[in-house]
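J.: Dropping a structure here in structure tokens format, bear with me for questions.
The values are calculated or read from the model by the stated rules, or taken from the named source; none is laboratory data. Keep in mind the model is a prediction, meaning the values are calculated, not measured. Reconstructed Cβ throughout: ideal geometry from the backbone, glycine too, with neighbour counts over all protein chains shown. Note: accessible area is taken over every heavy atom of the protein model, side chains too, but ligands, DNA and RNA are not part of it. Shrake-Rupley method; radii C 1.70, N 1.55, O 1.52, S 1.80 Å.
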Amino acid sequence: MSSASSRTPLPPFDPADPLGLDELLDAEDLAVRDTVRAWAADRVLPHIAEWYESGELPGVRELARELGAIGALGMSLTGYGCAGASAVQYGLACLELEAADSGIRSLVSVQGSLAMYAIHRFGSEEQKQRWLPGMAAGEIIGCFGLTEPDHGSDPASMRTYAKKDGTDWVLTGRKMWITNGSVAGVAVVWAQTDDGIRGFAVPTDSPGFSAPEIKHKWSLRASVTSELVLDEVRLPADAVLPEVTGLKGPLSCLSHARYGIVWGAMGAARASFDAAVDYAKTREQFGRPIGGFQLTQAKLADMAVELHKGVLLAHHLGRRMDAGRLRPEQVSFGKLNNVREAIEICRTARTILGANGISLEYPVMRHATNLESVLTYEGTVEMHQLVLGKALTGLDAFR
Ligand SMILES: Cc1cc2nc3c(=O)[nH]c(=O)nc-3n(C[C@H](O)[C@H](O)[C@H](O)COP(=O)(O)OP(=O)(O)OC[C@H]3O[C@@H](n4cnc5c(N)ncnc54)[C@H](O)[C@@H]3O)c2cc1C
């Protein structure tokens, strides 16, 4: 008895794509992926170790304009100069950017999924016209101020306050750990008001606004992170984002950004995995390549399984997002799994590289330390466990 499978030769095994996941992508998806991969190879990879060591992201404005030119900013938003890409394409871009460095992906995530998304979804038509085209082009950098020095996982308790004064708003408070803060032209700031939490599009040249950069980070060193100080910043009535009140505003932006992280984390993991495979094939001990030892192969096999399962999960969530069926709990599922597994892949890669694993000449330690931030921001591991725990049991264990 013959069957189609016995007549058709199997495709060869591709170590870079063991599950054949590229077959899930169409020509446009592949074009997006190739464009972003080529940009990162040209503009980030040759410099990233130096930027990381110096703890700076020099030329961040130029990088933002280039990212705008390839359509990577606000990529899955429509109109106002945005690319209108699918969620899967946006995810592929995040993966390629984070394979270069989590700091570059953070720049893009905060710009597109947090600052632009907030204005696109909750802003007035005037706010969209004012900010979004320049942000899509990378001419204006945006940041997103939710976290405060004393309120991280529990943003509902934030103290930053927006008081009505006639028709104006007056904002006072402090935000902490804000990506892109010192280089932003507009800050989306969330504040308490008499009517609940509201979002504001704050021009960063407003009197009373300052954004000192946070130094001495051992993670996301090639990323600008800042404090936002709001000292009676007076804004006109039309600075408030009119379409949302309450924590659901910032949380829906975070859900969009977390979705990108589900993909992005697998980029950091892929880069570290690739470095480990290359190293294992050439580094010799006891007279042969360490990749020929069973213990090393067990590590590589386990890493590959988690890496490609993670990409498959990201793709599944992307398809759900494109179909308008992605729930926040599912994003928590993806962020919890993929960042946790990515950091394990990087740590295991580090062991395969031995002492060289701690060197900046190889990417693995840089990715591993970056992922410490990614594990914490956009909801810590514990917060996503609590989200899933609540969804699974119906019992809220947050407080
Ligand atoms: C590099 C970097 C960039 C960032 N960029 C931004 C940005 O652009 N915008 C922004 O608004 N924020 C940003 N953040 C902040 C980030 O979102 C917060 O750090 C994060 O939400 C955690 O808050 P926290 O650091 O105050 O930790 P905490 O909330 O104080 O948590 C400390 C620990 O306690 C645990 N914990 C807290 N509550 C519970 C509970 N109920 N049950 C069990 N465990 C609990 C946490 O999971 C964590 O392990 C950034 C952070 C970093 C490191």
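J.: If you go through region 163-186, how many residues are more than 10 Å from the ligand (Cβ to nearest atom) and in a strand (DSSP E or B)?
T.: Result for region 163-186: 11.
J.: Further question on the same structure: Would you mind stating whether V331 is touching a residue at least 40 places away in the same chain (Cβ under 8 Å), open to solvent by less than 60 Å² (accessible area, probe 1.4 Å), within 14 Å of the ligand (Cβ to nearest atom) and β-branched (V, I, T)?
T.: no
J.: Answer yes if at least one residue in region 153-161 is under 21 Å from D238 (Cβ atoms), more than 16 Å from the ligand (Cβ to nearest atom) and of a type outside the set (S, T, N, Q), and no otherwise.
T.: Looking through region 153-161, at least one residue is under 21 Å from D238 (Cβ atoms), more than 16 Å from the ligand (Cβ to nearest atom) and of a type outside the set (S, T, N, Q).
J.: Same structure, new question: How many residues are in contact (Cβ under 8 Å) with a residue 40 or more places away in the chain, surrounded by fewer than 23 Cβ atoms within 10 Å (Cβ to Cβ) and away from the ligand (no atom under 13 Å from the Cβ) when one looks only at region 354-378?
T.: Qualifying residue count for the region: 5.
Condition check ((1) within 16 Å of the ligand (Cβ to nearest atom); (2) under 20 Å from P236 (Cα atoms); (3) out of contact with any His (no Cβ under 9 Å at 6 or more places or on another chain)) across all residues:
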position	(1), (2), (3)
I119	yes, yes, yes
S124	no, yes, yes
Q129	no, yes, yes
L132	no, yes, no
A136	no, no, yes
E139	no, no, yes
C143	yes, yes, yes
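J.: Could you pull out the residue among W190, W177 that is under 30 Å from E98 (Cα atoms) and open to solvent by 30 Å² or more (accessible area, probe 1.4 Å)?
T.: Being under 30 Å from E98 (Cα atoms) and open to solvent by 30 Å² or more (accessible area, probe 1.4 Å) holds for just one of W190, W177, which is W177.
To keep it simple, each residue is scored yes or no on (1) under 27 Å from A115 (Cβ atoms); (2) crowded, with 16+ Cβ neighbours inside 10 Å.
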position: F13; (1), (2): no, no
position: D17; (1), (2): no, no
position: L25; (1), (2): no, yes
position: D29; (1), (2): yes, yes
position: I48; (1), (2): yes, yes
position: S54; (1), (2): yes, no
position: V60; (1), (2): yes, yes
position: A69; (1), (2): yes, no
position: A72; (1), (2): yes, yes
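J.: Which number in (1) touching a Gly at 6+ places or on another chain (Cβ under 9 Å); (2) open to solvent by 40 Å² or more (accessible area, probe 1.4 Å); (3) not in a loop (DSSP other than H, G, I, E, B) marks the one condition that S153 misses?
T.: (3)
J.: Any residue that is within 16 Å of the ligand (Cβ to nearest atom) and farther than 15 Å from G260 by Cβ - is there at least one of those in region 343-353?
T.: yes
J.: Let me ask something additional. Here's a check for you: in region 272-291, which residue that is touching a strand residue (DSSP E or B) at 6+ places or on another chain (Cβ under 9 Å) and outside any loop (DSSP other than H, G, I, E, B) is nearest to G394 (Cα to Cα)?
T.: Ranking the qualifying residues of region 272-291, first place goes to A280.
J.: If you check every pair at least six apart or on different chains, which have Cβ atoms under 6 Å apart with a residue in region 161-183 that is more than 15 Å from R198 (Cβ to Cβ) and of a type outside the set (S, T, N, Q) first and a residue that is within 16 Å of the ligand (Cβ to nearest atom) and assigned to a helix (DSSP H, G or I) second?
T.: V183/V60
J.: On to the next question. Being open to solvent by 30 Å² or more (accessible area, probe 1.4 Å) and of a type outside the set (D, E) is the filter here, so list the residues in region 242-263 that pass it.
T.: Correct list: P242, T245, L247, K248, L251, R258.
J.: Another question, then. From the set of residues in region 264-310 that are farther than 29 Å from I104 by Cβ and open to solvent by less than 30 Å² (accessible area, probe 1.4 Å), which is nearest to the chain's Cα centre (by Cα)?
T.: T296
J.: Would you check if S109 is touching a helix residue (DSSP H, G or I) at 6+ places or on another chain (Cβ under 8 Å) and either within 12 Å of the ligand (Cβ to nearest atom) or open to solvent by less than 40 Å² (accessible area, probe 1.4 Å) (or both)?
T.: Yes, satisfied.
J.: Considering only residues that are over 14 Å from F144 (Cβ atoms), within 15 Å of the ligand (Cβ to nearest atom) and assigned to a loop (DSSP other than H, G, I, E, B), which ones fall in region 195-227?
T.: Hits for region 195-227 are P212, I214, K215, H216, K217, W218, S219, L220, R221, A222.
J.: Taking region 379-393 as the search range and keeping residues that are under 19 Å from T147 (Cβ atoms) and either open to solvent by 30 Å² or more (accessible area, probe 1.4 Å) or among the β-branched types (V, I, T) (or both), which one is farthest from the ligand (Cβ to nearest atom)?
T.: Checked region 379-393; the qualifying residue farthest from the ligand (Cβ to nearest atom) is V387.
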